[in-house]
1. Just to be sure I understand the model, the point goes 7 Å from the Cα along the line to the Cβ. What's the resulting A:ILE84 to A:ASP6 distance in nm?
2. From the square roots a ≥ b ≥ c of the eigenvalues of the alpha-carbon gyration tensor of the stretch B:319-408, which class results: rounded (a/c under 1.5), prolate (a/b over b/c), or oblate?
3. What is the magnitude of the charge dipole of the stretch A:91-142 about its Cα centre, with +1 placed on the Cβ of each Lys and Arg, -1 on the Cβ of each Asp and Glu, and no other charges, expressed in debye to the nearest 20?
4. On a 0 to 90° scale, report how tilted helix B:598-609 is relative to the longest principal axis of chain B, with both axes built from alpha carbons and the result rounded to the nearest 10.
5. Explain nothing, just compute: Karplus ³J(HN,Hα) = 6.51 cos²θ - 1.76 cosθ + 1.60, θ = phi - 60°, for every residue of the stretch B:529-534 in order, whole Hz, x for Gly and Pro.
6. Using only Cα atoms, find the angle between the long axis of helix B:2-32 and the longest principal axis of chain B, and express it within 0 to 90 degrees, rounded to the nearest 10.
7. Given the DSSP H assignment, sum -39500 (n - 2.57) over each helix run of at least 4 residues in the protein assembly as shown and divide by its residue total; what's the result at 222 nm in deg cm²/dmol, nearest 500?
8. Pairs of alpha-carbon atoms within less than 8 angstrom and 6+ residues apart define the contacts here; what relative contact order does chain B have, in percent?
Amino acid sequence: MLEATDLVKTFGGVRAVDGVSLRVMAGEVVALIGPNGAGKTTLFNLLTGQLMPDRGRLAIAGVDTTGWSPRRLARHRVGRGFQIAQAFASMTVRENLQTALVARDRGLWRLWRRLASTAVADADSLLAAVELADQADRPAGDLAYGDLKRLELALALSNRPRLLLLDEPTAGTAPAERRTLMTVAVTLARRDHVAVLFTEHDMDVVFAFADRVLVLDAGKLIAEGSPASVRANPAVRRAYLGSEA
Amino acid sequence: MEALIIQALTGLASASSLFLVASGLSLIFGVTRIVNFAHGSFYMLGAYLAVSLLALLPRGDPMWWWLGVLGAALAVGVIGTVLEMVLLRRIYRAPELFQLLATFGVVLIVQDLVLLIWGPQDILGPRAPGLRFSIEILGQPFPVYDLVLITIGPVVLAGLWALVRHTRFGMLVRAATHDRETVAALGVDQRLLFTAVFALGSTLAGLGGALQLPREAVTSHMDLAIIAEVFVVVVVGGLGSVPGAYLAALLIGQVHAFGILVLPEITLVLIFLVMAAVLVVRPHGLLGRPLAHARGGEAVAVLRAAGPRVRQIAWVALTAAILLPLAGSQHVVTLATEAAVFILFAASLHLLLGPAGLVSFGHAGLFGVGAYAVALAVKHWAAPMAVGLALAPFAAGLAGAAFGVMCAHLSGVYLAMLSLAFAQILWSAAFQWVALTGGDNGILGVRAAGWEGGGLAFYYLTLTLCLGGMLVLRRAILAPWGYGLRAGRDAPLRAAALGIPVVRLQWAAFAIAGAAAGMAGGLFAYAKGSVFPTYLAIPKSVDGLLMVLLGGIHTLSGPLVGALVFVGLEDVLTRATDLWRMALGLIILGVVLVFPQGVVGAVSRRTRDA
Amino acid sequence: MLSRRTALMAGAATLATTRIASAQARPIRIGEINSYTTLAAFTEPYRKGWMLAQEQANRTAARPFETLFRDDGGRPDQALSQAQALLSTDGCDFLAGTFLSNVGLAVSDFARANRRLFVASEPLTDALVWSQGHRYCFRLRPSTYMQAAMLAEEAAKLPARRWATVAPNYEYGQSAVRWFKELLSRARPDVVWVGEQWPAQGRIDAGATVQALLGMQPEAIFNATFAADLLAFVRQGQSRGLFRNRAVVSLLSGEPEYLEPLGDEAPEGWIVTGYPAEQIATPEHTMFRDAYRARFNELPKLGSIVGYVTMQAIAAAVARAGSAETEALVEAFRGLTWVSPFGPTEFRAIDHQATLGAYVGRTAVRGGRGVMVDWRYADGRAYLPADDIVRQWRPQG
């Protein structure tokens, strides 16, 4: 579903991402891990169109998407979650999703019909899926952070993505909350056969949910494989211990 | 050749004075994010206080003269500090533009205070003893004092540079300007930092004003005369950048000096053209960097369609508006017509300020395009009213769309300043293209038979079009389009990741707001029977901002209530007292302190809590 | 501060007296609009002069006068709101006042549309009585054309051939320069115009402007800047030697409002229009000056004269009409003659322009203050174009 080939991004002479190639299949849940400063965020921003690669190619669902803007990727049914949850604070939770759904259906150029009566059922079923139905009428700006993360997930899922890119989907939430959050995400993804790539700090979460793990260090992929094999990989241990020493 | 060098030197002297004032404004903005309109008042107070102080000190001794100037600057610093502590400190958590409203209230109050204390006469302050002579440079006499000024600029620049680079205070200033989290992480008392920066900034403005004594007259117009120019310098230089301010002051000083030689007629607009050009090429000014995101914690309320109670109130109000002419007074009808026009004007500005999150300081430009479209159509083609009122929104909508294209890549204060430049360029066209627009004498006799301004027919027409226009805008804000706009404002990255075409939605917002403002302007032209360049001037834009902010940005009925309050206040105050500016200023400060969410914001908050 | 308070108290006092008088007759109410906040240096003495004339008139008038003063904030649209309110809510019989030309024109247009009388006191624009003139508007002060003509007459006597001009960049400055050039060129075909400077009103960059004028190397300069711009222009001109060995002909600069603030830095030998208040010794002026001094404890300024004479003319017209009704007053104003502090004055029937003149002389510094010397009274009558030209310029009918 996602195929990146030899991605390179340089900042002022430093190769933040240095020749990374990776693939994620439909229905597969893949974790991207690495010590701080390994280039995860940069790589993620390359994949989501936030940054332009200096070199390399990106293909999603068989279409060359190199250099596409985030908006164009969204149209191509790529869903994205942000490390710091981004929702529309001046709208209620339901309105957040209504807006996202209307955007998906290219209905934003309506100036007369009220949004209030648009896409209510779809919005509510998404809210139910992320277990936020009871918060539907609260302003998103007033949500607890865990609930905001759920909303974020619902927004990322709103365009029926075939590829879901989640940047630290559980960051900032309590350990108990993390599992539920990831369970929701992974269940939905598997149900709809969505390809998922996520970055994560919490190794318990990684090993519990990922089918496959990619390890990034100093801009390069240093290991790849099942959670168990990666856990046993000496290079990975060195990278983590080295960075912590 | 000699003449050109002398002209350049003259430009350098002006640049120094501009820089002193601009550097203070830039520092204040960088740290507190306040667009401080009162900075021009500090400058003016510096000049007036220097006059008073120098009158008390022994004359003729250079030392006393310079001490007097410094004393005046410090006194202004004290005034600035007090202002920050008793006023601005209380409203840092209000919506960002609300501080602008507060500082504008201060401007109004200071204007009247200056008249009361120092009287209306222009004052020619004492010149610096020992520096009254001129020396020959390349065979031309050149005032020595200007040479001194030329050196003061770089000296102050060096001092500020050292302060910002090498002291803890400076480090905090830099951190606050570019990386807010650091300041919080350092555990610094932000309030102290803000106060200190305000004190420093206002002292610099006061110094700039006091140092002008030998060069120009001290008048009660100095504040507004300098403020627009200083905004230009700060923006061209890059907000928060002191060296940028110096560079920009040099640029603007030279543009003035040589503009006078080449194009003496367009001196005013020239600097705005320069600013527009700089911003199009460098969206953050010459030496500016993207600013850290503004203070957090701004309360953003959820917009709601009118509930049953609001609907009831609306019906009562509409009935009252329809029955109003029965009250009999011609003046009431005229006033109500005007209020209706300003409701639409404010609603159109609110569309940009509120849902779209696009701050415009030049909205009067679009209002004026509508007014002039009507006036020109009536004057040159004797167009009937239907044609005029179709043309006005069309022309202003086009102007809004053009403007939207120009500033698609800008945001925040840079956008505000580019919109100001846009309006100023239109203003100068109205002012100086005498053959077409009649210059400052305007175009008179904009009337249509049967629809005279102040007449009943025209009142009902205006009421229909303006309230209708406002309802259309309201409807659009509550439609998917409006939600798309707000999505782009609330979380631009998220909006893009959802495939929302934020830039195009905003562009449409400019066009639609332009059309609505143009309709208001066109009706205003008929209501007054004449158009003047003042319709596009900065004060009209400020009026619009006042209306929206008084009502509250984050409410749908805010602009309506704000416009009514503003028109009513202005009418009552200007007829009741010559000190209406002070009265209006005090009321604005009162509103700011008591209702930091605007009048409607406060009311709806209260009812929700209840 | 003090003077302001006295003026306010004076206002209150007259209101009180008119209250008593109104027991006998409803007062005639005048709606007066002016730039009280934005041009206070002129309008404060103006209001004092007006009050003085009103008090004098009320001693003898059958129906007392009452004036409502309103501020236009320097904006035509605010002036229009005030005009509307004065007529409809406050029940004023007619309108008067205004300083800025565009405000004057706006109120005049309003008066035409509503068929109400408007007595314009100060605005100088020629359009007010000529191209935009109409039945309901009368103007007191000598217009830009008239004052330019007074100065052009003097300028023609100078040997200078190379002339430069500097004027604020709006209608007043533009038409002053246009008329001065046209009239001087007519009298002196050998004159060459070497350049123009157009500083923005209130925003002059004096150093650069002076330097630009120096670069033109003129033998003489025509100046129309005033107020704060004039002060800065004079200072920079002095220190850069612009006025050394050069004749300067300057509009309005002899008016106390603009000459006094210059103090001992007032330029020497400029040919100016103005008002040497302390030196004029005609009986009518002495009487006015003494009364003004007794009332306000200061010398009158030109604003005082304009306010005083406007109110004087209004009282005379009401007396002539025997009513405050618009059409009767219009007829009374046409050809009205009265004796102002400047001498016999008339509102011409042909274009509704008053023949009030101005004093033309040279500036000098005496006792640390700028004064006018070698002055003479230039009667406005002598500086107006021939009647057939006026008829061409003014819409007839």
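The values are calculated or read from the model by the stated rules, or taken from the named source; none is laboratory data. Since we're looking at a predicted model, the values are computed, not measured. Neighbour counts run over all protein chains shown; Cβ positions are idealised from the backbone, glycine included. Calculation scope for accessible area: heavy atoms of the full protein, side chains included, ligands and nucleic acids excluded. Shrake-Rupley method; radii C 1.70, N 1.55, O 1.52, S 1.80 Å.
1. For A:ILE84 paired with A:ASP6, the spin-label model returns 3.6 nm.
2. Taking the square roots of the gyration eigenvalues as a ≥ b ≥ c, the stretch B:319-408 is oblate.
3. Rounded to the nearest 20 debye, it is 400 debye.
4. The answer is roughly 60 degrees.
5. With coefficients 6.51, -1.76 and 1.60, one gets x, 6, 10, 9, x, 4 Hz.
6. 60 degrees
7. Value at 222 nm, helices only, nearest 500: -18500 deg cm²/dmol.
8. Result for chain B is 20 percent.
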